[in-house]
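The values are calculated or read from the model by the stated rules, or taken from the named source; none is laboratory data. Predicted, not measured: the structure shown is a model, and the values here were computed from it. Methodologically, a virtual Cβ is constructed for each residue, glycine included, from the backbone with ideal geometry; neighbour enumeration extends over all protein chains shown.
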Amino acid sequence: MAKANEKNYAERIQNVSNKYELDDKQLRKLLNLSKEKYELLLHGNQGVLTDVQRNEIGKRLNYFEAIGENKDALKYSKYYIEKTLKKEYNLTNKSIAKLCNVKKKTVKNLLNNKKIDRKEERNLILNILQLYETLKSVN
């Protein structure tokens, strides 16, 4: 069963914002929301969202909440790199590293299940999702 606060987007957005020191503009972009819808959502008005938007925001918030609490976010990132960025878009480790603002070694270590620096891990996870969403929206 879902958590009781799972649908409380305002609280969850604020928690993610505080946890990663993200400003409203960054969060709007990561959640793929217009300024108006984002502000209404922060004030508890979830009726402005379609079911599709609610599901997408829920998935993205789950992803961000998973970072640091368990290794699920790294697994998702590895999956996106292997199955989407490399296979569908033919990106190299070097390209992915540059696009995600991390060292090439970080991408290689993730793919080889090796330990990654905590700061690099956070950058990689956040930027992989953003890169994936950007590429998906272009197609």
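If the requirement is being among the charged types (D, E, K, R), touching a helix residue (DSSP H, G or I) at 6+ places or on another chain (Cβ under 8 Å) and part of a helix (DSSP H, G or I), which of these qualifies: K83, K59, K78?
Testing whether each residue is among the charged types (D, E, K, R), touching a helix residue (DSSP H, G or I) at 6+ places or on another chain (Cβ under 8 Å) and part of a helix (DSSP H, G or I) leaves just K78.
Starting from residues that are within 20 Å of L126 (Cβ to Cβ) and assigned to a loop (DSSP other than H, G, I, E, B), keep the ones in region 25-43 and report whichever is modelled with the highest pLDDT.
The extreme case among them is L33.
Go over the candidates E36, E56 one by one and state the one that is surrounded by fewer than 12 Cβ atoms within 10 Å (Cβ to Cβ) and closer than 19 Å to Y9 by Cα.
Going through E36, E56 in turn, just one is surrounded by fewer than 12 Cβ atoms within 10 Å (Cβ to Cβ) and closer than 19 Å to Y9 by Cα: E36.
Any residue in region 119-127 that is farther than 28 Å from Y9 by Cβ and either surrounded by 14 or more Cβ atoms within 10 Å (Cβ to Cβ) or assigned by TED's automatic domain parsing to the domain that holds Q14 (or both)?
For region 119-127, residues farther than 28 Å from Y9 by Cβ and either surrounded by 14 or more Cβ atoms within 10 Å (Cβ to Cβ) or assigned by TED's automatic domain parsing to the domain that holds Q14 (or both): present.
Taking the conditions exactly as written (under 14 Å from the mean Cα position of the chain (by Cα), closer than 17 Å to K19 by Cα and either assigned to a loop (DSSP other than H, G, I, E, B) or not polar (S, T, N, Q) (or both)), does L126 satisfy them or not? Outline the logic, then answer.
Details: under 14 Å from the mean Cα position of the chain (by Cα): yes; closer than 17 Å to K19 by Cα: yes; either assigned to a loop (DSSP other than H, G, I, E, B) or not polar (S, T, N, Q) (or both): yes.
Criteria met by L126.
Check off (1) aliphatic (A, V, I, L, M); (2) within 28 Å of I13 (Cα to Cα); (3) without any contact (Cβ under 8 Å) to a residue 24 or more places away in the chain; (4) touching a helix residue (DSSP H, G or I) at 6+ places or on another chain (Cβ under 8 Å) for V138 and give me the number that stays unchecked.
V138 satisfies every listed condition except (4).
What residue, of K103, K94, K86, K78, is exposed (fewer than 15 other Cβ atoms within 10 Å of the Cβ), out of contact with any Ser or Thr (no Cβ under 6 Å at 6 or more places or on another chain) and without any contact (Cβ under 8 Å) to a residue 60 or more places away in the chain?
K94
Quick one: in region 44-66, which of the residues that are aliphatic (A, V, I, L, M) and over 16 Å from D23 (Cα atoms) is modelled with the lowest pLDDT?
A66
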